[in-house]
Amino acid sequence: MQRYRLTNGMRVVIQPDRRIPLVAIHLCYLAGARHEPRERCGLAHLCEHFTSVSPEGGSQQVYAQWIEKAGGLANGSTLHDQTSYSASLPSEQLRLGLWAERRRITDPLSKFTLSALEVQRKIVLQERCERVDNRPYGRSFELLQSSLYPSGHPYSRPPAGLPEGIRSADTTDVETYYLNYYTPDNAVLALAGDVSPDEAIREVERYFGDIPAGGKKKRPDGASQTFKHLPAKSERREVVKDHVPFARTHLSYRAPGYKMEGWHAASLYVRSLGVGRSSPLWRKLVKERKVAQGVQAHMVSMREASTVAFVATAAPKVECQKLEDALIEAVDELVVEGVPQAVVRRAQKKALTDHYSVMENLNGRAEMLATMTAYFDDPTLLRDEANRYSDIEPDDLMKVGRNLCEAAGRVVLSMVPHGERV
Amino acid sequence: MSVLARQPFSLVEPPPPARPSPFRPPPCRRFQLPNGLRVVLVEHPATPLLHLHCAVLAGAQYDPPEHEGFASLLMPLLREGTAGRSAERISEETEDTGADLITWADWDAGSLVLELLAEDVGFGVELIFDLLLSPVFPPAAVESLRHKQLAKFRQRQWKAAEIANDRFAHAVYDGTVYGRPLNGSESGLSDIDRDDLVDFHRTFFGFRNMTLIGVGNFQATTLMRHLESALPSTPQGRRAQPPVIAPPALPGKRVYLVNSPHASQTELRVGHASVARNHPEFARLQVLSRILDRRLNANLRERRGYCYHVRSRFAARGGPGPFITAAGVANDSVGAAVREIECEVERLQQEPIPEEEISGARNHLSGDFLRSFQSSHGVVAGLRQAAVNDLPDNHFESYLEEIHAVGPKPLTALARQYLHADGHVVVAVGPAREIHKQIAGAGQVTEVDSRSGDSGVT
């Protein structure tokens, strides 16, 4: 693994893997939904789409076309903390991939047409429909976030955007956001695959080295202030009627940010409790009490906090209240009882195979390298990833569980079918 | 770092490619054991993982006629207990090793998949064949899983995309196996009993009807040694003969509307029955569908903003799978989207396809092929498709040769022969109040309910 920093501040990390002639390119900007003005929820997402068109292509997504014609696959994603563009290409097309990203960062948005923005706005609204609004339980994560984090906190807003925010953003908003955040000193580029580090850095220098740094950009980052003053957690319960077939309860907590102090232990605790059919939660709710048809445990991580959710879907004819009570009781019991050593060992091994599965794929690896560099300025932390789980002693998890699953800080969200008594 | 000497470049013209690195798919080692089991192994030392995948020719196309959803019920029941292991022990032993155990069925085959650390290869081989050969189908588990499948069936009725897929299949393949819901219906699942499962298992789960695929960080000789010591050498079972599936003749365009009054978007499916995976033109049709796919994205998504995704493809199945275009479309643009899809199909049939588009499609498919080799998942998927469709051993190589050989005139001829806009089945799942009038222009609209397993046409 090789690391560089260009004179304009862009950080670069390269990991050669020459098994197949393929290279993954992952360019991330520390520019996500948390950096949007509060009333423009969806601006970062709209900007991700808008920067994928180009002045000569009208509303066409020329970046994806360039990449795909060359045998590649391109994608963009907007999260709370970052926006990233990824591509995997036959390795002889590395230059094309870098050239396309160079165009994205220096093509002046002011040349783009208003009609192109209108088309992208429609696409972003349809994406929201597809992923959130037109899908049973699709709004659950948004609802959890808005309850777990105080109103106005950047993590309380969805990165996909809200319809009113997406509709109200104009070209000036998009351009201002773009100019503030899409700069080399705010970016990390990761390359993984069939590359020689010396040649690759020469190409990176060629395409990105002459771009001026962002200078002292005014980069509003309300989040850094807000996190310092994140109010004490307080329990909240919410029941939402929706177009869903069965009641579903989410029992949710805040946890440490991505790979931060305590994150691995929290992740292991969540896995121990609720991942797999032999997990304690599955045993209690599906097999013994028969109130749920399935139980899952999720941990969605942002840079400075994670959202943990234990999710149970009611068995047919089981009412929401019964499910909700059973889920809370089961988690509370497990916090007191502790997790058996064998269950923890199982979760440790699963965490390891999951990690290897991500690293097997070049895109997954490039994304991990970029994120570790962006958040910690140290991609080598990935080398210790396997040990970070195996070093945790089962006894230590008792304390983790008590801290994580405090009743005072939990959010209980249930989604129930219209017509069901609640 | 110090500033390196920068080479100049043009911001207008994309840079040319460097000299391509040669790529040969990793060698597949193929064996057939004396008991009839076919084995395909690829050593793929990217990470310490091993992917074991056993495909049994016992997919939904073999479901007993009165029991739709049979294969989808049987496969997960394999993990509910064997002669030597309880369901609980199976879960615990699997999860103790950090492994993932997955079962599923498609039309062609049932699959049992174990992803684990390569150091646990012996355990993996022993477990996978214990589940495949010695399931006991405990009555309580059969009943419990049936209820679970019924619950899943109910959940599907709330997912617009699933309703659209089921309704499309029902309309295109009416009266054939492919017209039935893959995962079953209330009527199909309701009276399957343990004896049915035991009979089906006895018929289809012999070694001669199975292919074991192993991809990952292992040595083929080690894995073969485990196989030989874990399995009997006596031949078992026979290879299943797939049923002939003959979709009804195209009776002209048909439009079906499923009313989903609260939907914020309409799920649209457009297409018809087409060719099987082992059809000689299948690879070249992939080039055609890639060109159509790119054009639909350029038109429906990027020019007009009607949708976030639109995808067009020839599905790979043992029998004549569908040619289908799928999109989630803004409710006010459904009629226009159907017209544009038809226009793009007709344009492929009437106008020569520029060489640049063909070469882009070829490159993209070659790139997909390359990407499939970066993880054991991708390699397994390709090998499974070959195994269940009896593709030749050199199919990886011949696929690439065929997509690179096809030119503009044959592609236009393929479009004329294999695309039939006048025989499209159109299915729209969305708010009838908003979309009925829009799609009336595409043909006579029939409003149907969401359950393709039921006959209710309103």
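Descriptive notes on the structure:
- Oblate is the label for chain B, because a/c, from the alpha-carbon gyration tensor with a ≥ b ≥ c as root eigenvalues, is 1.5 or above and a/b does not exceed b/c.
- Each DSSP beta bridge with both residues in chain B is either parallel or antiparallel, and the antiparallel ones are about 75%.
- Amide H contacts of A:ASP242 (H built 1.01 Å from N, in plane; Pro and chain starts excluded): A:VAL416, A:HIS418 sit under 5 Å, all sequence-distant by 5 or more or on other chains.
- Exercise: per-residue mean of other protein chain Cβ atoms within 10 Å, B:373-380: 4
- Cross-linked pairs B:LYS253/B:LYS409; A:LYS259/A:LYS399; A:LYS69/A:LYS122; A:LYS317/B:LYS152; A:LYS241/A:LYS317; A:LYS241/B:LYS148: Cα-Cα separations exceed 20 Å for B:LYS253/B:LYS409; A:LYS69/A:LYS122; A:LYS241/B:LYS148.
- Helix runs (DSSP H) in chain B reaching 20 Å along axis by Cα, Kyte-Doolittle at least -0.5: B:282-296, B:334-350
- Crossing angle, helix A:114-128 versus chain A [Cα axis fit, 0-90 degrees, rounded to tens]: 20
- GNM top mover of A:SER86, A:SER267, A:SER234 - chain A, alpha-carbon springs below 10 Å: A:SER234
- The sum of -39500 (n - 2.57) across all DSSP H runs of n ≥ 4, divided by the residue count of chain A, sets its helix-only mean residue ellipticity at 222 nm to -12000 deg cm²/dmol.
- Percent of Cα pairs exceeding the 32 Å cut-off, where the set is chain A: 42
- Ranked by how many other beta carbons lie within 10 Å on average, peptides B:332-343, B:317-328 from highest: B:317-328, B:332-343
- Against the main long axis of the alpha-carbon atoms of chain A, helix A:320-337 sits at an angle near 90°.
- Accessible area of the stretch A:230-417 belonging to carbon and sulfur atoms, whole % at 1.4 Å probe: 49
- Relative packing of A:115-123, B:193-201, which averages over residues the other C-beta atoms within 10 Å, highest first: A:115-123, B:193-201
- For the stretch A:2-216: Kirkwood Rh in Å [reciprocal of mean 1/r, alpha carbons]: 18.0
- Exercise: per-residue mean of other protein chain Cβ atoms within 10 Å, B:73-82: 0
- Inter-chain neighbour count for B:88-98: the average number of beta-carbon atoms from partner chains within 10 Å of each residue's beta-carbon is 6.
- Protection proxy ranking of B:347-354, B:266-273 - average other beta-carbon atoms within 10 Å, highest first: B:266-273, B:347-354
- Of the residues A:ALA314, A:TYR269, A:SER234, the one whose Cα sits farthest toward the positive end of the charge dipole of the stretch A:230-417, with +1 on the Cβ of Lys and Arg and -1 on the Cβ of Asp and Glu, is A:ALA314.
- The three principal axes of the C-alpha atoms in the protein assembly as shown carry coordinate ranges of 75, 71, 61 Å, sorted with the longest axis first.
- For chain B, the mean residue ellipticity at 222 nm estimated from helices alone is -12500 deg cm²/dmol, where every DSSP H run of n ≥ 4 contributes -39500 (n - 2.57) and the total is divided by all residues, rounded to the nearest 500.
- For the stretch B:258-267, 3J(HN,Hα) per residue [Karplus equation, 6.51 cos²θ - 1.76 cosθ + 1.60, θ = phi - 60°, Hz, x = Gly/Pro]: 9, 6, 10, x, 9, 5, 8, 7, 9, 7
- Using C-alpha pairs below 8 Å separated by at least 6 residues, the relative contact order for the stretch B:1-139 is 24 percent.
- Rounded tilt (10° steps) of A:341-360 against the dominant C-alpha axis of chain A: 20
- Separation of alpha-carbon centers, the stretch A:60-123 and the stretch B:138-205, rounded to whole Å: 42
The values are calculated or read from the model by the stated rules, or taken from the named source; none is laboratory data. Model, not experiment: these values are computed from the prediction. Neighbour counts run over all protein chains shown; Cβ positions are idealised from the backbone, glycine included. Quick note on the areas: whole protein, heavy atoms, side chains included, nothing else; ligands and nucleic acids left out. Shrake-Rupley method; radii C 1.70, N 1.55, O 1.52, S 1.80 Å.
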